[in-house]
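Engineer: Can you read through this structure? Questions will come right after.
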Amino acid sequence: MKKATMIFAAAALLLGGLASCSGNSGKTRVGVLQFGSFEALEKAKQGFVDVLNASDLKGKVDITVKNAAAVGADDVSFAGTLASNSDLLYGIATPSATHLKTAVGSLGVDIPVLFSAVTNPVGAGLLKNPEKPEGNCTGVVDLGPIEDQLEILAKFPDVDNVVTFFNSDEGNSVYQADIVDAWLDEHHIAHSRKTITQASEISSAFASIPSDVDAVFLPTDDTIANSINLIKSANESRMDKLIVVGSDTGMSPGSVFAMGVDYYQCGKQAGQMAVSLLKKEKTVAQLPVESCSTKNLLINQTWANALGIEIPEEVLNIPGAIVQ
């Protein structure tokens, strides 16, 4: 009888632990892992948080945010901590989303993992079918309007040679570089790649771009975005100034023009997914991967003037363009 009582008590404790997955507060716990502090990721976080706070879940959800400050080891560590103490997870940028998914898999728990600021979720191994996610992961992709950006670049006179500049260790950047190369091939424009593996290489690599290159394309690369001021300084130091095209409006300080998704909107869309999941309105499989619905164009005329680069009137007059 005593043994049976002990077994019953242990089972009760186990069931109680499962039933209290929301913690002692009684609130649902949402863990947010943000890879770095640069503008795009901050906006993706804020959009997500704002949606949750504006929903009827306000007051019923505890949100814990961890920022890895672009340190991979910290990202992995934070992912494990959040996965162990959350009912839903949100990864901002590919490394964070990937580490959260890995942590959840290691724990053997069925916790939804949402993402944004991810360009190629299939290539990153987050899921296989974006239209009907087969696991516990879905979210919002930030693939920018690359062809639109290149069409704008082609409006500048005498753009005959383009370099794509990125971190070769970032799979998203390689994926985008392939798209850039295909478009430039189709339009018979010479092109090449200049790659780095860490931020400390940016200045020297940018300085080594050959003088016959006319423009540099920057994909949505976390390393580059986090160090855009190094790009700016390196271009200012060159004898032959380059037209820099940024794929994230947060890159505008170092770009002649930057065109990309609205990361606040990306975060809001991920937040709406979170609300649907937390209210049990939908499952992950019923939430297809979305593209960010809003895109912005910023033209840095002030900096272009300082470089001696003239921006064509037809570029300045693009509807919706914000000229700085």
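Engineer: With the requirement that a residue be closer than 13 Å to SER168 by Cα and part of a loop (DSSP other than H, G, I, E, B), what does region 181-211 give you?
Structural biologist: Matches in region 181-211: THR197, GLN198.
Engineer: Next question. Take the residues in region 55-83 that are within 25 Å of GLU281 (Cα to Cα) and among the small types (Gly, Ala, Ser); name whichever of them is surrounded by the most Cβ atoms within 10 Å (Cβ to Cβ). Spell out how you get there, then give the answer.
Structural biologist: Start the filter on region 55-83 by keeping residues that are within 25 Å of GLU281 (Cα to Cα), which leaves 55-65, 82-83.
Retained after the next criterion (residues that are among the small types (Gly, Ala, Ser)): 55, 59, 83.
Details: SER55: 16, GLY59: 8, ALA83: 23.
Only one residue fits best here, namely ALA83.
Engineer: Moving on to the next point. Take region 30-45 and flag every residue that is part of a loop (DSSP other than H, G, I, E, B) and in contact with a Leu (Cβ under 9 Å, 6 or more places away or on another chain).
Structural biologist: Within region 30-45, PHE35 is the sole residue that qualifies.
Engineer: Among the listed residues THR195, THR102, which satisfies the condition of being under 27 Å from ALA70 (Cβ atoms), modelled with pLDDT of 95 or more and either of a type in the set (Asp, Glu) or not assigned by TED's automatic domain parsing to the domain that holds ILE63 (or both)? Show your work before the answer.
Structural biologist: On the way: THR102 fails: either of a type in the set (Asp, Glu) or not assigned by TED's automatic domain parsing to the domain that holds ILE63 (or both).
Result of the check over THR195, THR102: THR195.
Engineer: Additional query: Examine region 255-274 for a residue that is under 18 Å from the mean Cα position of the chain (by Cα), modelled with pLDDT of 95 or more, within 24 Å of THR195 (Cβ to Cβ) and not hydrophobic (A, V, I, L, M, F, W, C), and state whether such a residue exists.
Structural biologist: Scanning region 255-274, I find no residue that is under 18 Å from the mean Cα position of the chain (by Cα), modelled with pLDDT of 95 or more, within 24 Å of THR195 (Cβ to Cβ) and not hydrophobic (A, V, I, L, M, F, W, C), so the answer is no.
Engineer: So, one more: Quick one: count up the residues across region 289-306 that are under 27 Å from ASN53 (Cβ atoms), out of contact with any Ser or Thr (no Cβ under 7 Å at 6 or more places or on another chain) and modelled with pLDDT of 95 or more.
Structural biologist: Residues of region 289-306 under 27 Å from ASN53 (Cβ atoms): 289-296.
After this cut, where a residue has to be out of contact with any Ser or Thr (no Cβ under 7 Å at 6 or more places or on another chain) as well, the list is 290-295.
Applying the additional criterion that residues be modelled with pLDDT of 95 or more yields 290.
Residues in region 289-306 being under 27 Å from ASN53 (Cβ atoms), out of contact with any Ser or Thr (no Cβ under 7 Å at 6 or more places or on another chain) and modelled with pLDDT of 95 or more: 1 in total.
Engineer: Let me ask another. Please find, among ASP181, ASP158, ASP221, the residue that is among the acidic types (Asp, Glu) and at pLDDT 95 or above. Working first, answer last.
Structural biologist: Details: ASP158 fails: at pLDDT 95 or above; ASP221 fails: at pLDDT 95 or above.
The conditions single out ASP181.
Engineer: So ASP240 ticks every box in (1) within 23 Å of HIS191 (Cβ to Cβ); (2) touching a Pro at 6+ places or on another chain (Cβ under 8 Å); (3) not β-branched (Val, Ile, Thr) but one. Which box is left unticked?
Structural biologist: Going through the list (1) within 23 Å of HIS191 (Cβ to Cβ); (2) touching a Pro at 6+ places or on another chain (Cβ under 8 Å); (3) not β-branched (Val, Ile, Thr), ASP240 breaks only (2).
Engineer: Which of (1) surrounded by fewer than 16 Cβ atoms within 10 Å (Cβ to Cβ); (2) under 19 Å from the mean Cα position of the chain (by Cα); (3) not aliphatic (A, V, I, L, M) is the odd one out, the single condition ASN172 does not satisfy?
Structural biologist: Failed condition: (1).
Engineer: A follow-up question, please. Hey, does region 251-260 have a residue that's over 15 Å from VAL163 (Cβ atoms), among the small types (Gly, Ala, Ser) and in a loop (DSSP other than H, G, I, E, B)?
Structural biologist: The first filter runs over region 251-260 and keeps only residues over 15 Å from VAL163 (Cβ atoms), leaving 251-253, 257-260.
When the remaining residues are screened for being among the small types (Gly, Ala, Ser), the result is 252, 258, 260.
Adding the requirement that they be in a loop (DSSP other than H, G, I, E, B) leaves none.
No, region 251-260 contains no residue that is over 15 Å from VAL163 (Cβ atoms), among the small types (Gly, Ala, Ser) and in a loop (DSSP other than H, G, I, E, B).
The values are calculated or read from the model by the stated rules, or taken from the named source; none is laboratory data. Just so we're clear, the structure is a prediction, and the values are computed from it rather than from any experiment. FYI the Cβ positions are ideal-geometry reconstructions off the backbone, even for glycines, and counts take in every protein chain you see.
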